[in-house]
1. Quick one: which strands (runs of 3 or more DSSP E) lie wholly within segment 170-289 and hold at least 2 residues that are within 30 Å of Ala427 (Cα to Cα)?
2. For residues that are modelled with pLDDT under 75 and in a helix (DSSP H, G or I), scanning just segment 49-71, find the one that is farthest from Trp147 (Cα to Cα).
3. Closer than 19 Å to Leu446 by Cα and in contact (Cβ under 8 Å) with a residue 24 or more places away in the chain, is that true of Glu67?
4. Would you tally the residues in segment 144-155 being outside any loop (DSSP other than H, G, I, E, B) and under 22 Å from the mean Cα position of the chain (by Cα)?
5. Pick out the one residue from Arg235, Arg224, Arg292, Arg298 that is surrounded by fewer than 15 Cβ atoms within 10 Å (Cβ to Cβ) and charged (D, E, K, R).
6. May I ask you to list pairs of residues, at least six apart or on different chains, whose Cβ atoms are under 7 Å apart, with the first in segment 141-158 being under 14 Å from Ala78 (Cα atoms) and the second being aliphatic (A, V, I, L, M)?
7. Would you point out which residue out of Leu117, Leu136, Leu106 is within 20 Å of Leu163 (Cα to Cα), touching a residue at least 12 places away in the same chain (Cβ under 8 Å) and touching a Ser or Thr at 6+ places or on another chain (Cβ under 8 Å)?
8. So in segment 190-221, with the set limited to residues that are over 25 Å from Gln450 (Cβ atoms), surrounded by 14 or more Cβ atoms within 10 Å (Cβ to Cβ) and of a type in the set (A, V, I, L, M, F, W, C), which one is modelled with the lowest pLDDT?
Amino acid sequence: MCGVFRIRLRRCSPSPRAQTFLRKIWIRLVLSLLFDFLYLLPALVYAPVFFLKSRRVGENPATLFSERWGIYASEKLAKISGKKILWIHAVSVGETMVARRWIESLREIKAPFHFVLTTVTPTGQKLARQAEAEDLTAFYVPFDFSWCVNAFLQAVKPAALALVETEIWPNLILQSAAKNIPVCLINARLSEKSLRGYSRIRVLFQNVFSKIQLVLAQEESDARRFCDLGIAENRVLVMGNIKFDTAAPSVVPEAFHRNRVGIAENDSVLVAGSTHPGEEESLLRVFLRLRRNHSKLRMILAPRHVERTEEVAMICAKAQFKTVLFTDVQIKASEAWDVMVIDQIGVLKNVYALANFVFMGGSWIKHGGQNPIEPAVFDLPVLHGPHVFNFKQIYAIFGEAGGAYCVADEESCFQRVEAFLNQPELAFKTGQRAGETVKKYRGAGLKQAQRIMELIQDQKGSAQ
């Protein structure tokens with residue numbers, strides 16, 4: 001009798017293949033619930049901060065929070081209904097600019113998709129909405145709770161998900177993979193600091209990383225770090241940096257013509273792009289010294305976060321400089337000024353058209369620097385501080401080509417700008433080398449677009 005019972009029990013037990021399938025479902029459910037639980041406290045703390053930030057940049061908090069919780073306007077869903085969707089996710093301004101450029105590459109190869117571009121920050125969302133077209137719709141990304149992600153997937157039904165740079169959200173990846181949506185990282189980068197952080201919690205993220213089907217890394221060092229996280233080497237390719245595909249506008253808008261903002265033909269302009277707290281004071285001290293011998297020098301400050309506009313303008317006024325806001329100059333173009341503060345989002349790439357030389361912010365503090373490619377496309381000499389670890393390879397390329405200089409402190413910044421002012425041909429040649437470097441490294445967007453199309457085709461073929 002016992003023998004018969006054992007035989008029947010064995011017959012009822014699932015096959016090894018079914019056991020593996022059930023184990024995978026169990027792991028995904030446990031991980032999703034764990035990440036949901038871990039997000040609860042940060043979500044409660046961060047929600048008021050996010051609300052205030054959205055109000056500060058003119059965003060409607062109702063739209064922001066409804067979309068992040070997985071509730072979408074019917075007209076948006078109607079626009080994408082029945083379309084084959086490629087979901088591209090970028091966190092903020094810089095990544096959104098990369099995504100927009102990559103979408104242009106996808107259009108070049110006639111990728112048969114409607115693009116859904118999601119962002120985290122309101123500033124990134126503004127840029128995404130500016131790019132909206134018949135084949136592109138912008139949404140806020142859902143909060144990384146499993147139910148929010150599933151609500152988005154149910155509403156949008158993407159054919160594939162492309163995460164820009166280092167946007168590794170566990171539930172986003174796990175829930176997409178569970179629905180057989182291929183997940184990839186484009187223009188992917190991973191710093192040593194991030195690698196150490198993920199390595200400490202490898203047990204939590206091991207299953208998440210295993211769901212990423214393709215990593216298109218910017219550099220060899222990035223590729224190595226992704227492999228160190230456990231992603232199979234055959235899934236990691238070095239494809240270059242899409243940011244090099246940035247091109248100077250064929251026509252600079254009239255608002256950014258020198259005469260439109262009160263800059264005379266023989267004036268020199270130092271643009272400080274994407275500055276952070278503490279850097280403006282240092283730059284103003286350098287500017288004050290330079291003005292003693294160069295009275296026609298002007299400075300334009302573009303704070304990294306536009307909500308700091310008032311704070312930066314007050315710092316300039318306190319330093320006894322005639323200070324104006326960019327939007328005010330558009331109204332009173334003839335008004336004289338020493339320092340202009342940029343108070344709009346998404347205009348910095350055109351502001352560089354006003355410059356003779358550029359200092360890249362976030363590099364005199366331990367922030368990691370900002371992207372120097374946008375000014376370089378205008379053939380401008382680029383100056384930066386020593387803390388550029390987020391763009392280490394890019395700055396190394398420009399430095400070796402002679403298109404950028406590291407100015408470690410106020411004194412070295414003063415000396416370098418003074419040299420440019422006294423030797424215009426030196427500034428011209430430095431800027432020319434910067435522009436030539438950008439042209440040399442272009443093409444990553446097209447290569448990454450073609451590779452993603454191959455991945456989607458392979459996925460489609462294996463499913464048939």
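1. 268-275
2. Of everything passing the filter in segment 49-71, Arg56 is farthest from Trp147 (Cα to Cα).
3. So Glu67 does not fit the description; no.
4. 2
5. When all the criteria are applied, what remains is Arg292.
6. Close Cβ pairs (under 7 Å, with a partner that is aliphatic (A, V, I, L, M)) amount to Ala155/Leu77; Val156/Ile80; Val156/Ile85; Val156/Val116; Lys157/Ile85.
7. Going through Leu117, Leu136, Leu106 in turn, just one is within 20 Å of Leu163 (Cα to Cα), touching a residue at least 12 places away in the same chain (Cβ under 8 Å) and touching a Ser or Thr at 6+ places or on another chain (Cβ under 8 Å): Leu117.
8. Only one residue fits best here, namely Leu204.
The values are calculated or read from the model by the stated rules, or taken from the named source; none is laboratory data. Just so it is clear, the model here is predicted, and its values are computed rather than measured. Neighbour counts are summed over all protein chains in view; Cβ atoms, including those assigned to glycine, are modelled from backbone coordinates with ideal geometry.
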